[in-house]
1. Checking SER92 against (1) over 14 Å from the mean Cα position of the chain (by Cα); (2) at pLDDT below 75; (3) open to solvent by less than 70 Å² (accessible area, probe 1.4 Å); (4) under 30 Å from ARG8 (Cβ atoms), which single condition isn't satisfied?
2. Exactly one condition in (1) surrounded by 17 or more Cβ atoms within 10 Å (Cβ to Cβ); (2) modelled with pLDDT of 90 or more is not met by LEU137; state its number.
3. Does ALA36 count as assigned to a helix (DSSP H, G or I), among the small types (Gly, Ala, Ser) and either under 28 Å from GLU117 (Cα atoms) or in contact with a Lys or Arg (Cβ under 7 Å, 6 or more places away or on another chain) (or both)?
4. Out of segment 140-156, which residues are outside any helix (DSSP H, G or I) and open to solvent by less than 30 Å² (accessible area, probe 1.4 Å)?
5. How many residues are of a type outside the set (Ser, Thr, Tyr) and over 19 Å from CYS118 (Cβ atoms) when one looks only at segment 157-187?
6. Kindly evaluate LEU21 against the criterion of being open to solvent by less than 20 Å² (accessible area, probe 1.4 Å), assigned to a helix (DSSP H, G or I), modelled with pLDDT under 80 and in contact with a helix residue (DSSP H, G or I) (Cβ under 8 Å, 6 or more places away or on another chain).
7. Determine the pairs where a residue that is at negative phi, located within segment 155-172, has a partner that is surrounded by 15 or more Cβ atoms within 10 Å (Cβ to Cβ) and of a type in the set (Asp, Glu) with Cβ atoms under 6 Å apart, the partner being 6 or more residues away or on another chain.
Amino acid sequence: MKENKYVRGLRKHESAIIHQLYQNFESGRDGILSLARKWGTSEEEAKDIFQEVLSIAYRKVKSPTFELRAKFSSFLYGIAFNIIRKKMGKRSELPLENLDIGEIHDPEVLLLIQKRECEQMVQSYLQNMEVTDRQILSWYYLEKCKLGEIDTRLGKSAGYAQLRKFRCLHKLIGKMKLDSRFQECRELDKRAWSI
């Protein structure tokens, strides 16, 4: 992918690019401040979130191994959602039901919101699983543990985690298929649901 002008500008400390970042992503209908406010943050918290987004983006693009794999706006919104999630998580779950998605016009933001709704659906089903099944899926998919390491953590023989992961994933997806939201989530990311 061709180097993005924002990535290049941040790497070179170009003040014109930093100014453009503020103009294009701070405020406005689909700006990060507006997005943060829609998720229930105060005006001051929204400004802090934007500053934190820029700080994290700057640190990430300065890394020699950084590679932008999506639109720059998606990259920034992804950082913003993670920060908002962390801040809001201290208070409660993100208020999806209070968010008027009709007010959001940026397709990247809409996609992130839809993905968050899917994550919440999966989390609710995970909470109702057996503890060991939930643990195996969390270790494998969230912590990115290798199956051999999971076998060791569980004190089981080689291959146990692989078989158990396969079974509990099928059980989880089988239950979620009965949920009307499942098909929408599946359409968002067919690779993640290809079982």
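The values are calculated or read from the model by the stated rules, or taken from the named source; none is laboratory data. Nothing here was measured: the structure is a model prediction, and the numbers come from that model. Using ideal geometry, Cβ is built from the backbone for each residue, glycine included, and neighbour counts are taken over all protein chains shown. With ligands, DNA and RNA removed, areas are computed over all heavy atoms of the protein, side chains included. Shrake-Rupley method; radii C 1.70, N 1.55, O 1.52, S 1.80 Å.
1. (4)
2. (2)
3. So ALA36 passes the test.
4. So the first thing to find is which residues in segment 140-156 are outside any helix (DSSP H, G or I), and the list is 143-146, 155-156.
The answer is CYS145, and nothing else.
5. The total comes to 9.
6. no
7. ALA158/ASP151; TYR160/ASP151; ALA161/ASP151; CYS168/ASP133
For (1) of a type in the set (A, V, I, L, M); (2) at positive phi; (3) at pLDDT 70 or above; (4) open to solvent by 20 Å² or more (accessible area, probe 1.4 Å), each residue gets a yes or a no:
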{"position": "VAL7", "(1), (2), (3), (4)": "yes, no, yes, no"}
{"position": "ARG59", "(1), (2), (3), (4)": "no, no, yes, yes"}
{"position": "LYS71", "(1), (2), (3), (4)": "no, no, yes, yes"}
{"position": "ILE113", "(1), (2), (3), (4)": "yes, no, no, no"}
